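The values are calculated or read from the model by the stated rules, or taken from the named source; none is laboratory data. The model shown is predicted, which means the values in this text are computed figures rather than measured ones. Using ideal geometry, Cβ is built from the backbone for each residue, glycine included, and neighbour counts are taken over all protein chains shown. Accessible surface areas use protein heavy atoms only, side chains included; no ligands, DNA or RNA. Shrake-Rupley method; radii C 1.70, N 1.55, O 1.52, S 1.80 Å.
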Amino acid sequence: MEKSRRILVLDGSKVVRATLGKLLKDDFDVIEEANGESAWQLLMLDSRIQVVVSGVHPLKLEAHDLLARLKASSIKRLREIPFLLIVSDLDNRVERDADRTAGVAGFLTKTMSKAELVSTLNEHLGARKAGLTHIKAEKTETADKPDKEKLEKL
């Protein structure tokens with residue numbers, strides 16, 4: 001695996017950031033950020049960031065507002081960056097459809113195993129490399145057989 005693949009994990013919760021960072025550090029270069037405004041600045045300045053993984057409510061700038069900025073950007077790299085939203089298994093499917101319409105590339109559930117997280121991120125990185133903006137998101141929404149390494153306390 002290329003550890004040089006950089007992802008931005010954005011969430012207001014230090015526990016969520018630390019948990020995701022720990023689970024993904026072997027496969028990705030993980031940057032953790034709590035503040036949506038700071039994340040925006042990082043994304044504008046660091047062209048090595050290839051995926052954004054965000055909780056719904058980071059500090060200072062909501063995930064949906066950051067996504068809107070990305071999609072409205074004059075910089076193609078920012079408009080096309082995969083934006084994955086961390087959601088609960090119980091989140092409403094109607095809301096997920098609206099999020100997809102707004103540009104969310106996929107969803108990471110709080111019960112996903114490390115293998116599922118890495119696989120989902122790899123799929124989005126591969127799709128981006130191939131020039132595809134949307135990939136089948138259904139796999140990212142359900143966890144058939146979660147193993148011991150879950151994001152249980154997100």
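Does A127 fit the bill of being farther than 19 Å from R17 by Cα, open to solvent by less than 50 Å² (accessible area, probe 1.4 Å), among the hydrophobic types (A, V, I, L, M, F, W, C) and at pLDDT 50 or above? Talk me through it step by step, then tell me what you get.
Values: farther than 19 Å from R17 by Cα: yes; open to solvent by less than 50 Å² (accessible area, probe 1.4 Å): yes; among the hydrophobic types (A, V, I, L, M, F, W, C): yes; at pLDDT 50 or above: yes.
Against the criterion (farther than 19 Å from R17 by Cα, open to solvent by less than 50 Å² (accessible area, probe 1.4 Å), among the hydrophobic types (A, V, I, L, M, F, W, C) and at pLDDT 50 or above), A127 qualifies.
Kindly establish whether A18 is in a helix (DSSP H, G or I) and surrounded by 15 or more Cβ atoms within 10 Å (Cβ to Cβ).
On the way: in a helix (DSSP H, G or I): yes; surrounded by 15 or more Cβ atoms within 10 Å (Cβ to Cβ): no.
No, not satisfied.
Determine, yes or no, whether L90 is of a type in the set (A, V, I, L, M, F, W, C), at pLDDT below 95 and in contact with an Asp or Glu (Cβ under 7 Å, 6 or more places away or on another chain).
Numbers: of a type in the set (A, V, I, L, M, F, W, C): yes; at pLDDT below 95: yes; in contact with an Asp or Glu (Cβ under 7 Å, 6 or more places away or on another chain): no.
In short, no.
Any residue that is buried (at least 21 other Cβ atoms within 10 Å of the Cβ) and touching a Phe, Trp or Tyr at 6+ places or on another chain (Cβ under 6 Å) - is there at least one of those in region 76-93? Show your work before the answer.
Pass one, region 76-93, residues buried (at least 21 other Cβ atoms within 10 Å of the Cβ): 81-87.
Adding the requirement that they be touching a Phe, Trp or Tyr at 6+ places or on another chain (Cβ under 6 Å) leaves 85, 87.
So far as region 76-93 goes, yes, one or more of its residues are buried (at least 21 other Cβ atoms within 10 Å of the Cβ) and touching a Phe, Trp or Tyr at 6+ places or on another chain (Cβ under 6 Å).
Give the number of residues within region 46-65 that are aliphatic (A, V, I, L, M), open to solvent by less than 10 Å² (accessible area, probe 1.4 Å) and either modelled with pLDDT under 95 or over 26 Å from V15 (Cα atoms) (or both).
Keep residues of region 46-65 that are aliphatic (A, V, I, L, M), which gives 49, 51-53, 56, 59, 61, 63.
Filter again for open to solvent by less than 10 Å² (accessible area, probe 1.4 Å), leaving 49, 51-53, 63.
The next check asks that each one be either modelled with pLDDT under 95 or over 26 Å from V15 (Cα atoms) (or both); those that pass are 63.
Number satisfying all stated conditions: 1.
Do the conditions hold for D99, that is, is it out of contact with any Pro (no Cβ under 6 Å at 6 or more places or on another chain), among the acidic types (D, E), closer than 28 Å to A18 by Cβ and not in a helix (DSSP H, G or I)? So that I can check it myself, show each step before the final result.
Values: out of contact with any Pro (no Cβ under 6 Å at 6 or more places or on another chain): yes; among the acidic types (D, E): yes; closer than 28 Å to A18 by Cβ: yes; not in a helix (DSSP H, G or I): no.
For D99, the condition - out of contact with any Pro (no Cβ under 6 Å at 6 or more places or on another chain), among the acidic types (D, E), closer than 28 Å to A18 by Cβ and not in a helix (DSSP H, G or I) - is not met.
From (1) open to solvent by less than 60 Å² (accessible area, probe 1.4 Å); (2) outside any strand (DSSP E or B); (3) touching a helix residue (DSSP H, G or I) at 6+ places or on another chain (Cβ under 8 Å), pick out the condition that doesn't hold for G12.
Just one mismatch for G12, condition (3).
Limited to region 102-128, what total is found for residues that are among the β-branched types (V, I, T) and touching a Ser or Thr at 6+ places or on another chain (Cβ under 6 Å)? Steps first, please.
Just the residues of region 102-128 that are among the β-branched types (V, I, T), to begin with: 104, 109, 111, 118, 120.
Checking the rest, the ones that are also touching a Ser or Thr at 6+ places or on another chain (Cβ under 6 Å) come to 120.
So the answer is 1.
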